[in-house]
Each structure stands twice: as C-alpha cells, then as structure tokens.
Amino acid sequence: MSPLRKLGRSYVRAFSGLPGEVWILAFATLVNRAGTMVLPFLTLYLTGQFGWSPAAAGRMLALYGAGAIGGAFLGGWAADRWSPVAVQQLSLVGTGVGFLALTRISSERGFGIAMVVISLVAEMYRPALLAAAGKGVPVEVRGRSMGLLRLAVNAGMSIGPAVGGLLATVNYDLLFIADACTCWAAATVLFLARRRAARRGLAQVDTAPRAVEPVGSPWRDGPFVVFLGLAMVLAVVFFQINGTFPLYLHHEYGLSEAGIGGLLGLNALVVVACEMLILHRIERLPPLAVIGPGAFLLCLGFALLPLGRGALYAAGTVLVWTVGEMLSLPMANIFVAARAGTARSGRYMGAYTMSFATAFLIAPALGLAVYERLGGGALWGAAGAVGGALWVGFWALGRVLASPPASASRARPPQA
C-alpha cells in the first residue's frame, strides 16, 4: 500500500463513526471561528489607532477575561438546565451586536465596560458547545468528537487571523464588522439545523429543555480542582498569543500584521492537518500522561523566541508550541468529560472554561507588564521554566489518581 493511500485510510478511520449532531456543531463553530479577527489584533488596534500604551491595551484584554469568567459559569449553568444549542445561539447573536458596538467607542472607560459585557455573552458559547458534545455523544467516540470541534476551531482560525491581518491594513473597522457577521452566520446555521431536525422529527441536535438533575459541584472534587489550577497556568502561557506574542513579533522581529496573522494561521493549519490523526493514536492513553509533555512543548515553543530572528525561525517556534497544543489541550478536554460524566457535563465544562477565562484575565496584563519592564527574554524564559513545572505537576496528579485510596489499601487482606 502506498504511503498516500495509507495516510488517506488513517484520515478516514480518524473521522468515521462520529454522530451527525457533532458535525453540525463543528460546522457552526467553523463559521464562527473563521471570523476571529478582533482579539488577535486588539493590542495592535488600541496601541496603533488610539495611541494607548501596551499596559493599557493589556488591561482591556484583562477586562475581557474578567467578563469571560462570568460567561463561562453562566454558560455551563444554563447548559445543564436548557438546550446547550440554544445557549450557543444566544451567545453568538449577542456577541455580533457587541463587536459592532465597539466600532463606535473610543474612550478607555467605555471600551472597558463594553469588553466586559461582550466577553460575558461570548464566553457562554464555549461551555455550552463542550456540554453539547459531551452529553449527546457515545463515550467511545467522545474524544474524537471533541477533537473534531477543536479542528473546526482551528480551521476557522487558519482563516480568521490571516484575513484579519489583510483587513487591518485597509481599515480596522472591517475586523469588527467581519467578526460580527460570522457570529450571526453561525447562529443561523444552528437555527436552520434545529428547524430541519424538528420537521423531520430527528434528534440531530439537542433542542428540548431537560428536567433539572441533581449534580455534584466540580469545586468539591479535589483532584479536579488541582487539574484546573494546572490548566489555568498552562493557559496563561498559551494566551500570550493574544497579547505579548504579536506585539513581540512586531517590535523584535519586525513582522507586519499580515505576517503575524500568517503565523497564527500556520498554527491553525497544522492543527487541522494533524490533530485528529494524533488524537486517534493517543486517545486510549491516560490523558494526564500526555498532557504533561504537551504542556512542556507548548511552553518551550515560546521560550525559544529570544534565541533567533526572522520569519522562518518564528515559524519554527510556532510549530514547536503547536505540537504541544495538539498533545495537551484535546486530552485535557477528554479528561474533563470523563471526570464529569453526563449529568454534570455543563458544570464541569463551565468550571474548566472558567480556568481558561481566568487565565485570559491574567495573561495579557501579566505578559505585557513583564515585557514592558523586564523585556522579552525574561518573559519567554519564565514560560520555559513554567513548562517544566507543569510536566511534573500533571505527572504527579496522574500518579495520585492512579493510586488506590488509603482506606481501600487498609481494607485489603495481607497477602501471603
């Protein structure tokens, strides 16, 4: 068998057996993420168009993170009580309205208030999406289902920042308009899918409200809380791509907005091409055993930035942290889904999303402040050290969860 045929069969196996509702969710997510243009260029927009300092731009991203924490909680809570698909639609429509409103705001106070409100609405989408994938999907394909959603996110991200970089050279307002239109288009996809399912009497997407089930709080699950802490630290490093990373490439590497968008698009293209194949190979491994090395590689990619210059070298560092992303983030989704079960999916996914939202609150302000005061070498060197600590942390958590409880050990009869 030729290598190309063998590769083709591997792709077929990786994508086969996934339910129809997951494909609908993935297509809507693809449309939405194809318009992700505002956040990757927000620091350049605020520093270039309004003349704000990097620290002031970082505060705006931090305010987005503050609202995102509430949005993650609200989205997870609502997804356990009503239709996760309806929660996604509400989020998409409101986010589009908010992005259009930003084009009419120039004061720092008004912009800050708008960022909190927009993020509160926008971040309801993520836990509702993950809850929809976790509740209506058989356990044996849940990992690849969530991988398909991540593929849709990254396929969209391969389009959004690249197109956004080109639009920014014409008029920054076009970024906000395009982002709003794709939000509404994604909501329309979900609306038409629900109508079609209702007409045919098919349960292709989750449409009916459910009775409230008693669920346990994820905040009383000790190992899960430790996992959330580690995931949040990892996300603080990862979210430098929305703050310091583009600014550093612009100042230190001399790259334009289009070049930076191309690098972010490269990350997304590699994820689209390779992640499902990798996930198909590793989905049966213990998630924490994979997340640790992945976290280290993700941080290492950023730590390599001060050691070279030029677009090709920057692309090489992007490939390193992209491999780490493909190993760590999808396996983290699988770990959360397995830990939550079905009845608690919304709350667990909400708590997981809150950890990322908290990181989004911390990451831009922290990264830009360190960059402004100590320089890029200190910032990216610290990222590498954090990567090593995360590898140890995830490994230790895996050992704890693999060990039997002390009470069970005491109850065992002594062996001869």
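Read the figures in this text as sums done on the coordinates, not as results from a lab. Computed from a predicted model, the values in this text were never measured in an experiment. Because the Cβ atoms are built from the backbone with ideal geometry, glycine has one as well, and the counts that use them run over all protein chains shown.
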_Starting from the 7 Å offset along Cα-to-Cβ, what nm value, one decimal, do you get for the label separation of residue 173 and residue 285?_
5.0
_Per-residue ³J(HN,Hα) for segment 219-236, Karplus 6.51 cos²θ - 1.76 cosθ + 1.60, θ = phi - 60°, Hz, x for Gly and Pro_ = 6, 9, 8, x, x, 5, 5, 4, 4, 4, x, 5, 4, 5, 5, 4, 5, 4
*For segment 318-371 and segment 39-110, what is the separation of their Cα centres, given in Å?*
18
_Just want to confirm a number: the relative contact order over segment 11-402, from Cα pairs under 8 angstrom separated by 6+ residues, in percent._
29
*Convex hull over the alpha-carbon atoms of segment 236-276: what's its volume per residue in Å³?*
70
_Reference-scaled alpha-carbon Rg (2.2 N^0.38 Å with N residues) for segment 11-402_ = 0.93
*asked:* Could you give the length gained by full extension between residue 117 and residue 13, i.e. 0.36 nm per residue of separation minus their alpha carbon distance, to one decimal place?
replied: 33.2 nm
*Dividing the Cα radius of gyration by the Kirkwood radius, what Rg/Rh value follows for segment 71-136?*
1.08
*asked:* Given a Förster distance of 30 Å, report the FRET efficiency between residue 378 and residue 47 from their Cβ-Cβ distance, rounded to the nearest 0.05.
replied: 0.90
